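**Q** This is the structure I want to talk about, given as structure tokens.
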Amino acid sequence: MSLDSSQLERFADDLYEAYSTGSPIPPLTDETEFSVEEAYDIQSRFVDRIGDGDPAIAAHKLGLVSEAKQEQLGIQEPIFGYVTEETVLDEPVIPTDEIISPRIEAEIGLLLDEDIAAPASTTDVLRATAAVVPVIEILESRFQGWTIPSAQDVIADNTSAGRIFVGESLTDVTDVDMPTESVLVSVNGEVETTGTGADIMGHPARAVSWLANRLEQRDDRLRAGELVMTGGITAAIDIEPGDVYNVTFGSIGSIDLRAE
């Protein structure tokens, strides 16, 4: 069954209410099933509400970039969402009281200095990339207890976008072997999880080329000046007030954040 405009609007309203009040809701698919494209239609309306109808987009973000995660949620491709300017942290402090059940994961970010139009290849992405940056994403699910029964729910919820913090170090893309780029995440000095860039579809730039081609179907594109978050390298870790998190990459820098 296809969703009509009023249903798309109502689901976006429900997600925005959860976002703005910090009160999670049941998964949308508990009420009715809907397609992947309808999920992106809900997402678009939800993101518009975050930006009062004219959101300032700071970044595109990828999710489900591993086959294991795709199989878990029954989808055969990655998913994507948007990071709005208001959700970019200016200070290395995680405001846990403003976020529903926050979780942290490490990502490789690409800063673009050229538009990337479809059809795009990995080579096109590397050519368009000005710098590689370390990024920490603070995930937030608007669904009760992080219950995520379908990829459509995750997409509609803007791929669980919460907050991000972008590291200060900028590394020229020619100086980074992205598939072998390692990352280590520590909590209060204890190593919790590790990963490498190859965990992102074999190469983070490959994930971005997929995104550039997929965005064309949504009448969107990757533009010069944007940040692209290539997807979680590590498993997400629950955030607790008072904890200190360190993310150290092999060559592109490190970030320290404190949860309050």
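Readers should treat all values here as calculations from the given coordinates under stated rules, not as data from a laboratory. None of the values given here were measured: they were computed from a predicted structure. No Cβ is skipped: glycine too gets one built from the backbone with ideal geometry, and neighbour counts run over all protein chains shown.
**Q** So, in nm, how far is label Asp175 from label Asp30 when the simple model puts each one 7 Å beyond its Cα toward the Cβ?
**A** Output for this residue pair reads 5.0 nm.
**Q** If you don't mind, there's one more thing I want to ask. Restricting to the chain, compute how many DSSP beta bridges are antiparallel as a %, nearest 5.
**A** For the chain, the DSSP antiparallel bridge percentage is about 85.
**Q** Report the convex hull volume per residue for the chain, counting only C-alpha atoms, in Å³.
**A** Convex hull volume per residue, Cα atoms: 115 Å³.
**Q** Taking neighbour Cβ counts within 10 Å as the exposure measure, how do Ile237, Ile94 sort from fewest upward?
**A** Ile237, Ile94
**Q** Where in the stretch 12-56 does the label zone of Glu85 land, with the point 7 angstrom along Cα→C-beta and an amide N cut-off under 16 Å?
**A** Inside the label zone: 48-56.
**Q** Here's another thing I want to ask about it. Test of understanding: ordering Ser160, Ser5, Ser35, Ser141 by Cβ neighbours within 10 Å, fewest first, what list do you get?
**A** Starting with the residue having the fewest Cβ neighbours, the order is Ser5, Ser35, Ser141, Ser160.
**Q** What FRET efficiency comes out for the pair Asp113/Ser6, r = Cβ-Cβ distance, R0 = 41 Å, nearest 0.05?
**A** 0.45
**Q** In percent, what relative contact order does the stretch 118-260 have, based on Cα pairs under 8 Å that are 6 or more apart in sequence?
**A** Result for the stretch 118-260 is 29 percent.
**Q** Ok, one more. For Glu77 and Ser182, calculate 0.36 nm times their separation in residues minus their Cα-Cα distance, and state this gained length in nm to one decimal.
**A** Full extension of this stretch gives 35.4 nm more.
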